[in-house]
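Colleague: Okay, handing you the structure first.
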Amino acid sequence: MAQSAEHVLDHLELFRGPEYQQMLAKKKMFENPRDPAEVERIKEWTKTAEYREKNFAREALAVNPAKACQPLGAVFASVGFEGTLPFVHGSQGCVAYYRSHLSRHFKEPSSCVSSSMTEDAAVFGGLNNMIDGLANSYNMYKPKMIAVSTTCMAEVIGDDLNAFIKTSKEKGSVPADFDVPFAHTPAFVGSHVTGYDNALKGILEHFWDGKAGTAPKLERKQNGAINIIGGFDGYTVGNLREIKRILALMGIQHTILADNSEVFDTPTDGEFRMYDGGTTLEDAANAIHAKATISMQQWCTEKTLPFVAEHGQDVASFNYPVGLSATDDLIVALSRISGKEIPEQLARERGRLVDAIADSSAHIHGKKFAIYGDPDLCYGLAAFLLELGAEPTHVLSTNGNKAWHEKMQVLLASSPFGQDCQAYPGRDLWHMRSLLFTEPVDFLIGNTYGKYLERDTGTPLIRIGFPIFDRHHHHRSPLWGYQGGLNVLVKILDKIFDEIDKKTNVLGKTDSSFDIIR
Amino acid sequence: MLVAKVLVKNSPSQQLTFEGHQMSLASTQSIAEIRARNKELIQEVLKVYPEKTAKRRAKHLNVHQAGKSDCGVKSNIKSIPGVMTIRGCAYAGSKGVVWGPIKDMVHISHGPVGCGQYSWGSRRNYYVGTTGIDSFVTLQFTSDFQEKDIVFGGDKKLVKILDEIQELFPLNNGITIQSECPIGLIGDDIEAVSRAKSKEYGGKTIVPVRCEGFRGVSQSLGHHIANDAVRDWIFDQVESDGKPKFEPTPYDVAIIGDYNIGGDAWSSRILLEEMGLRVIAQWSGDGSLAELEATPKAKLNILHCYRSMNYISRHMEEKFGIPWCEYNFFGPSKIAESLRRIAGYFDDKIKEGAERVIEKYQPLVNAVIEKYRPRLEGKTVMLYVGGLRPRHVIGAYEDLGMEVIGTGYEFGHNDDYQRTAQHYVKDGTLIYDDVNGYEFERFVEKLQPDLVGSGIKEKYVFQKMGVPFRQMHSWDYSGPYHGYDGFAIFARDMDMAINSPVWKKTKAPWKEDSRAKLLAAE
């Protein structure tokens, strides 16, 4: 018996001992296992170019896709508003999944309700679920706003949110003037970034365009403020705080739309804050008067940004700006739009990032990377790697579209380091597996699921993306701004040095290069 | 804070010292007082609801009274819209619980991308195999439905998917189709596709499962549907004269309803084998299609998670005459009781084997209790979990001197509450069925347990409140908790949760203790 009270062994060690190993070996006879030689043969076959070709010929099956569904993004955007309770109309299991998913990434509570539709609602529609659900949520959780979105069930049966919310108000579920913006967020269209876009547009539309016919439309009176939209972002806590710091430094009057940087980073001090921070509803309405709106992620705001532009504002979008040039572009744009000077402090911060790159560039230069993730994140990281002299060899985005592909190709073609690089829209991590076997790279950048690729292909994983379930607290540090660029650089360098050490630490064999100075 | 906390204690009178703190657990409350307080608490919580909702929720909340045959709550009823139920759906019950762990089959999340994504690898159903080659548990296979699939139907896509799986994953031993919501709404005929493709592939096992998320009221119906799918698409397809690939023995048993979370089924299996039994199948943690098929050859089915697999156990009893018995491998008291109960179905050799196993592990049990009980004695726990745990883990806490003062089921039925009342909970225990965020927070706020055991959605809520917490679905990424080896881990984990120094630091030293103020005001 290996277990003891003095040194308790859990799953990490318990099953490695002979008792369990023998037990598991004996279990095999009941499993009708495949011939080990055949398993080995197929395993090797999956590494080949032939397998890659078959794999890339897939038309219907997705294996390990790197995307989630629309309502997740809607919930993420909704909690960025003051006192807002996301309400997802449809089956309840979906909401349990969104909440779990967000909590596993942020290590924070995630509050959201469902209208709990079941078979009868599938037949008769979910109107009664909406009527009861809004009344219950309003009474129990005292929100300032309830932001409604939909699961695919409600979308397939065609529930009409606008009409349902109107009827619910007539029935007294919530006061007539209570804010209930809504967005249809079918899971079978786009991905979580689409859901973010739809929900945010729904909320702005609600405040700006007359609250679904119950109030006069707002008349825009331009002021000097700038709206910032972060987009769906696993680093929202660190990133939005960094953006606010930069805006404050520049003295720019601003509104962050969907500011969920507080609600996903509340203190442990004896009080559970179901709501915390967020864009005030007043600010959300007044955002119509801003001079301009800047989206940090183009593919998270494909509908929202044109909607804002239609209301007379200047708009600009970025692609998850990481690193020097992208941050330069952002800062210059902020200065140009606001008419504010760029303070010396930002120039110093920039200089520190240049300094860091110069100090470390020799270790990154020429290294090959594979990247996967949301379309903007992929673009931003690839652009940064190019300016570090690294080669973003495979850039894969399951929820990237044709326009993303074209834009990626332009980016890759713009740099001598992007010449042998390819972008893969609509592909999944099983495709990536084939790429890593047939065209190996030095490092992989992706979310937690990348660890399966690391295990299978031996490509070291640098965790940047969403979700990150198996490392803690990284969402609190920014990736944006010069400071964020430094954080990304350090993350990459740490992995590079760890790998060098791993390859040189065999006593008497490889350790002549086991240097203490690098 | 300690002084404030003991005011609401309801544990028996005792004095104990730990880490230099003199803690007086002198109880000032009788059972009658506890019952009255809990009843008042329920009434207070119900005040928040609109009238109709209050009436409905009142039926799910109660204070257990000793001697009653159940806990006096309604269960397995639709959740109320908008209340923040903690429940999931039928798909979660089928793909996430019952089918997902079968390692040598490919499980397709059939429909849009989300369901499969959110349930991908998160339940820690451990298995041994070459992932992606002959085992597939931690892969996310989905048909990733697009709008055109909704409009024109997904059957053609499913046909193509099955072909692609056959080509790219040739060593799979079978395929299941786990329906997401849209499948049942758009009228797809996944049964016809399954039959046709099975025939085309020479009788390959292809199992269509109608576990659309809108069916039923929780995960529970998904378990039932999944059980029925095993019956219809595996048992009924196996040729009746099909011989198992091993020689039967009189001591063959199957573990039913253990999902091998963190290795639970392994730390259970080892005890069964040490007592002389032979485990021929695991349902479904680290399980395989061959094991499912061979189960009708078992002499006894032993059932851990009654809720999720009683259906197939009853079926095997009716059809194949296999008896089944429930057991509980949490904590030494229940483990010993269970080993003896299981042995009761066999001859003296096995009965002696059970005694031998109990004796073998007694020194470990003693050492664990000696080490951890002084740190945990008198600590109170509130649980809210699914399946079997709201009752099954109570004994393990009691073995450590702890007391469960509130419990409830996410998706239990009345037979779960009967078992709970008759074998587990104490008089005066607060019972909450299908509890929601609001109710659970108020209950914990008021009863101030030393530990809450629930799920990921609850974890951070209570930790923010300064209440130690352990996830009791995933073992908070630890485990196993089953068996004697698991008990040591369970004890260690509860100790590290409750006695972590961080819980003494939640208040800034310059701020007043609002909790003490709150209690003082009462």
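Colleague: Give the residues of the stretch B:478-502 that are surrounded by fewer than 24 Cβ atoms within 10 Å (Cβ to Cβ), outside any loop (DSSP other than H, G, I, E, B) and more than 9 Å from chain A (Cβ to nearest Cβ), sorted by residue number.
Modeller: To start, the set of residues in the stretch B:478-502 that are surrounded by fewer than 24 Cβ atoms within 10 Å (Cβ to Cβ) comprises B:478-479, B:492-493, B:495-502.
Now drop any that are not outside any loop (DSSP other than H, G, I, E, B), which leaves B:492-493, B:495-498, B:501-502.
Scanning the stretch B:478-502 gives B:Asp495, B:Met496, B:Ala497, B:Ile498, B:Pro501.
Colleague: Taking the residues in the stretch A:20-35 that are part of a helix (DSSP H, G or I) and more than 9 Å from every other protein chain (Cβ to nearest Cβ) as candidates, determine which candidate is farthest from B:Asp485 (Cα to Cα).
Modeller: Across the stretch A:20-35, the extreme among qualifying residues is A:Ala25.
Colleague: Take the residues in the stretch B:140-179 that are surrounded by fewer than 21 Cβ atoms within 10 Å (Cβ to Cβ), out of contact with any Phe, Trp or Tyr (no Cβ under 7 Å at 6 or more places or on another chain) and acidic (Asp, Glu), then tell me which one is nearest to A:Val63 (Cα to Cα).
Modeller: So, considering only residues that are surrounded by fewer than 21 Cβ atoms within 10 Å (Cβ to Cβ), out of contact with any Phe, Trp or Tyr (no Cβ under 7 Å at 6 or more places or on another chain) and acidic (Asp, Glu), the one nearest to A:Val63 (Cα to Cα) is B:Glu164.
Colleague: A follow-up question, please. Please go through the stretch A:80-105 and give me each residue that is in contact with a Pro (Cβ under 9 Å, 6 or more places away or on another chain) and surrounded by fewer than 24 Cβ atoms within 10 Å (Cβ to Cβ), ordered by number.
Modeller: Within the stretch A:80-105, A:Gly83, A:Ser103, A:Arg104, A:His105 meet the criteria.
Colleague: For the condition in contact with a strand residue (DSSP E or B) (Cβ under 6 Å, 6 or more places away or on another chain) and modelled with pLDDT of 95 or more, what is the one hit in A:Met145, A:Met140?
Modeller: Values: A:Met140 fails: in contact with a strand residue (DSSP E or B) (Cβ under 6 Å, 6 or more places away or on another chain).
Selected residue: A:Met145, the only one of A:Met145, A:Met140 that is in contact with a strand residue (DSSP E or B) (Cβ under 6 Å, 6 or more places away or on another chain) and modelled with pLDDT of 95 or more.
Colleague: Right, here's the next one. Return yes or no: is A:Thr280 more than 14 Å from chain B (Cβ to nearest Cβ), touching a residue at least 12 places away in the same chain (Cβ under 8 Å) and either in contact with a Lys or Arg (Cβ under 8 Å, 6 or more places away or on another chain) or at negative phi (or both)?
Modeller: Numbers: more than 14 Å from chain B (Cβ to nearest Cβ): yes; touching a residue at least 12 places away in the same chain (Cβ under 8 Å): yes; either in contact with a Lys or Arg (Cβ under 8 Å, 6 or more places away or on another chain) or at negative phi (or both): yes.
So A:Thr280 passes the test.
Colleague: Mind telling me which of the residues B:Ile183, B:Ile133 ends up being hydrophobic (A, V, I, L, M, F, W, C) and in contact with a strand residue (DSSP E or B) (Cβ under 7 Å, 6 or more places away or on another chain)?
Modeller: Values: B:Ile133 fails: in contact with a strand residue (DSSP E or B) (Cβ under 7 Å, 6 or more places away or on another chain).
Result of the check over B:Ile183, B:Ile133: B:Ile183.
Colleague: Follow-up. Filter the stretch B:62-82 down to the residues that are away from every other protein chain (no Cβ under 12 Å) and of a type in the set (A, V, I, L, M) and list them by number.
Modeller: Applying the first criterion (away from every other protein chain (no Cβ under 12 Å)) to the stretch B:62-82 yields B:62-76.
Scanning the stretch B:62-82 gives B:Val63, B:Ala66, B:Val73.
Colleague: Here are B:Gly412, B:Gly387, B:Gly401, B:Gly378: which of them is among the small types (Gly, Ala, Ser), modelled with pLDDT of 95 or more and crowded, with 22+ Cβ neighbours inside 10 Å? Let's see the steps before the verdict.
Modeller: Working: B:Gly387 fails: modelled with pLDDT of 95 or more; B:Gly401 fails: crowded, with 22+ Cβ neighbours inside 10 Å; B:Gly378 fails: crowded, with 22+ Cβ neighbours inside 10 Å.
Answer to the check: B:Gly412.
Colleague: Right, something else. Quick one: in the stretch B:294-334, which of the residues that are aromatic (Phe, Trp, Tyr) and in a loop (DSSP other than H, G, I, E, B) is farthest from the other protein chains (Cβ to nearest Cβ)?
Modeller: To start, the set of residues in the stretch B:294-334 that are aromatic (Phe, Trp, Tyr) comprises B:306, B:311, B:320, B:324, B:327, B:329-330.
Subset that is in a loop (DSSP other than H, G, I, E, B): B:327, B:329-330.
Numbers: B:Tyr327: 18, B:Phe329: 14, B:Phe330: 16 Å.
So, considering only residues that are aromatic (Phe, Trp, Tyr) and in a loop (DSSP other than H, G, I, E, B), the one farthest from the other protein chains (Cβ to nearest Cβ) is B:Tyr327.
Colleague: Something else now. Inspect all residues belonging to the stretch A:153-163 and state whether any of them is of a type in the set (S, T, N, Q) and either touching a Gly at 6+ places or on another chain (Cβ under 6 Å) or surrounded by fewer than 24 Cβ atoms within 10 Å (Cβ to Cβ) (or both).
Modeller: Taking the stretch A:153-163 as the starting set, the residues that turn out to be of a type in the set (S, T, N, Q) are A:162.
Those left that are additionally either touching a Gly at 6+ places or on another chain (Cβ under 6 Å) or surrounded by fewer than 24 Cβ atoms within 10 Å (Cβ to Cβ) (or both): A:162.
Scanning the stretch A:153-163, I find at least one residue that is of a type in the set (S, T, N, Q) and either touching a Gly at 6+ places or on another chain (Cβ under 6 Å) or surrounded by fewer than 24 Cβ atoms within 10 Å (Cβ to Cβ) (or both), so the answer is yes.
Colleague: When you scan the stretch B:41-57, how many residues do you find that are within 14 Å of another protein chain (Cβ to nearest Cβ) and surrounded by 13 or more Cβ atoms within 10 Å (Cβ to Cβ)? Show your work before the answer.
Modeller: Residues of the stretch B:41-57 that are within 14 Å of another protein chain (Cβ to nearest Cβ), as a first pass: B:44-57.
Now narrow it down to the ones that are surrounded by 13 or more Cβ atoms within 10 Å (Cβ to Cβ): B:45-46, B:48-50, B:53-54, B:56-57.
Number satisfying all stated conditions: 9.
Colleague: Those residues that are of a type in the set (Gly, Ala, Ser), under 20 Å from the mean Cα position of the chain (by Cα) and more than 7 Å from chain B (Cβ to nearest Cβ), I need them from the stretch A:42-74; list them, please.
Modeller: A:Ala66, A:Gly73, A:Ala74
Colleague: Restricting the search to the stretch B:115-138, which residues are without any contact (Cβ under 8 Å) to a residue 12 or more places away in the chain and either in contact with a Lys or Arg (Cβ under 6 Å, 6 or more places away or on another chain) or surrounded by fewer than 24 Cβ atoms within 10 Å (Cβ to Cβ) (or both)?
Modeller: First, pick out the residues of the stretch B:115-138 that are without any contact (Cβ under 8 Å) to a residue 12 or more places away in the chain: B:118, B:130-131.
Correct list: B:Thr130, B:Thr131.
Colleague: Could you check, for the stretch B:335-355, whether at least one of its residues is within 14 Å of chain A (Cβ to nearest Cβ), of a type outside the set (Ser, Thr, Tyr) and in contact with a helix residue (DSSP H, G or I) (Cβ under 6 Å, 6 or more places away or on another chain)?
Modeller: Of the stretch B:335-355, the ones within 14 Å of chain A (Cβ to nearest Cβ) are B:335.
Subsequent filtering for residues that are of a type outside the set (Ser, Thr, Tyr) retains B:335.
Among the residues that remain, those that are also in contact with a helix residue (DSSP H, G or I) (Cβ under 6 Å, 6 or more places away or on another chain) are: none.
No, there is no match, as no residue in the stretch B:335-355 is within 14 Å of chain A (Cβ to nearest Cβ), of a type outside the set (Ser, Thr, Tyr) and in contact with a helix residue (DSSP H, G or I) (Cβ under 6 Å, 6 or more places away or on another chain).
Colleague: Small (Gly, Ala, Ser), surrounded by fewer than 24 Cβ atoms within 10 Å (Cβ to Cβ), more than 7 Å from chain B (Cβ to nearest Cβ) and assigned to a helix (DSSP H, G or I), is that true of A:Ala77?
Modeller: Working: small (Gly, Ala, Ser): yes; surrounded by fewer than 24 Cβ atoms within 10 Å (Cβ to Cβ): no; more than 7 Å from chain B (Cβ to nearest Cβ): yes; assigned to a helix (DSSP H, G or I): yes.
Considered against the rule, which asks whether it is small (Gly, Ala, Ser), surrounded by fewer than 24 Cβ atoms within 10 Å (Cβ to Cβ), more than 7 Å from chain B (Cβ to nearest Cβ) and assigned to a helix (DSSP H, G or I), A:Ala77 comes out as no.
Colleague: OK, next. Please go through the stretch A:351-377 and pick out each residue that is over 13 Å from A:Leu489 (Cβ atoms), touching a residue at least 40 places away in the same chain (Cβ under 8 Å) and in a helix (DSSP H, G or I).
Modeller: A:Pro375, A:Asp376, A:Leu377
Colleague: Being free of Cβ contacts under 8 Å to residues at least 12 places away in the same chain and of a type outside the set (A, V, I, L, M, F, W, C) is the requirement here; does B:Glu403 meet it? Give the derivation first.
Modeller: Numbers: free of Cβ contacts under 8 Å to residues at least 12 places away in the same chain: no; of a type outside the set (A, V, I, L, M, F, W, C): yes.
So B:Glu403 fails the test.
Colleague: Residue pairs, Cβ under 9 Å, 6 or more apart or interchain, first in the stretch B:433-461 and more than 13 Å from chain A (Cβ to nearest Cβ) and closer than 20 Å to B:Glu403 by Cα, second acidic (Asp, Glu) and not in a loop (DSSP other than H, G, I, E, B). List them.
Modeller: From the stretch B:433-461, the pairs are B:Lys446/B:Glu44.
Colleague: OK, next. Does the stretch B:94-109 include one or more residues that are over 26 Å from the mean Cα position of the chain (by Cα), assigned to a helix (DSSP H, G or I) and either at pLDDT 95 or above or among the aromatic types (Phe, Trp, Tyr) (or both)?
Modeller: No, the conditions are met nowhere in the stretch B:94-109.
Conditions tested, residue by residue: (1) modelled with pLDDT of 95 or more; (2) in a loop (DSSP other than H, G, I, E, B); (3) within 15 Å of the chain's Cα centre (by Cα).
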{"position": "B:Gln422", "(1), (2), (3)": "yes, no, no"}
{"position": "B:Lys426", "(1), (2), (3)": "yes, yes, no"}
{"position": "B:Asp434", "(1), (2), (3)": "yes, yes, yes"}
{"position": "B:Val444", "(1), (2), (3)": "yes, no, no"}
{"position": "B:Gly453", "(1), (2), (3)": "yes, no, yes"}
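Colleague: So B:Lys160 ticks every box in (1) outside any loop (DSSP other than H, G, I, E, B); (2) away from every other protein chain (no Cβ under 11 Å); (3) free of Cβ contacts under 8 Å to residues at least 12 places away in the same chain but one. Which box is left unticked?
Modeller: (2)
Colleague: With the condition kept exactly as written, say whether any residue in the stretch A:117-132 is at pLDDT 95 or above, hydroxyl-bearing (Ser, Thr, Tyr) and assigned to a loop (DSSP other than H, G, I, E, B).
Modeller: yes
Colleague: Also, I was wondering about something else. Among B:Ser194, B:Ser179, which is the only one that is among the hydroxyl-bearing types (Ser, Thr, Tyr) and in contact with a Pro (Cβ under 6 Å, 6 or more places away or on another chain)?
Modeller: Working: B:Ser179 fails: in contact with a Pro (Cβ under 6 Å, 6 or more places away or on another chain).
Step by step, each of B:Ser194, B:Ser179 is checked, and only B:Ser194 is among the hydroxyl-bearing types (Ser, Thr, Tyr) and in contact with a Pro (Cβ under 6 Å, 6 or more places away or on another chain).
Colleague: Could you please tell me which pairs satisfy a Cβ distance under 7 Å, a separation of 6+ or placement on different chains, a first residue in the stretch A:32-60 that is more than 18 Å from A:Leu396 (Cα to Cα), and a second residue that is at pLDDT below 95?
Modeller: A:Asn32/B:Lys245
Colleague: For the stretch A:421-499, list the strands (runs of 3 or more DSSP E) that sit wholly inside it and hold at least 1 residues that are of a type outside the set (Ser, Thr, Tyr) and under 28 Å from A:Glu242 (Cα atoms); which are they? Let's see the steps before the verdict.
Modeller: Working: elements: A:422-425, A:443-446, A:461-463.
In the stretch A:421-499, the matching strands (runs of 3 or more DSSP E) lie at A:443-446, A:461-463.
Colleague: Condition first: basic (Lys, Arg) and part of a loop (DSSP other than H, G, I, E, B). Now tell me which residues in the stretch A:168-222 satisfy that.
Modeller: First, pick out the residues of the stretch A:168-222 that are basic (Lys, Arg): A:169, A:171, A:201, A:211, A:217, A:220-221.
Once the filter is applied, which keeps residues that are basic (Lys, Arg) and part of a loop (DSSP other than H, G, I, E, B), the stretch A:168-222 yields A:Lys171, A:Lys211, A:Lys217, A:Arg220, A:Lys221.
The values are calculated or read from the model by the stated rules, or taken from the named source; none is laboratory data. The model shown is predicted, which means the values in this text are computed figures rather than measured ones. We place every Cβ from the backbone using ideal geometry, glycine too, and count neighbours over all the protein chains shown.
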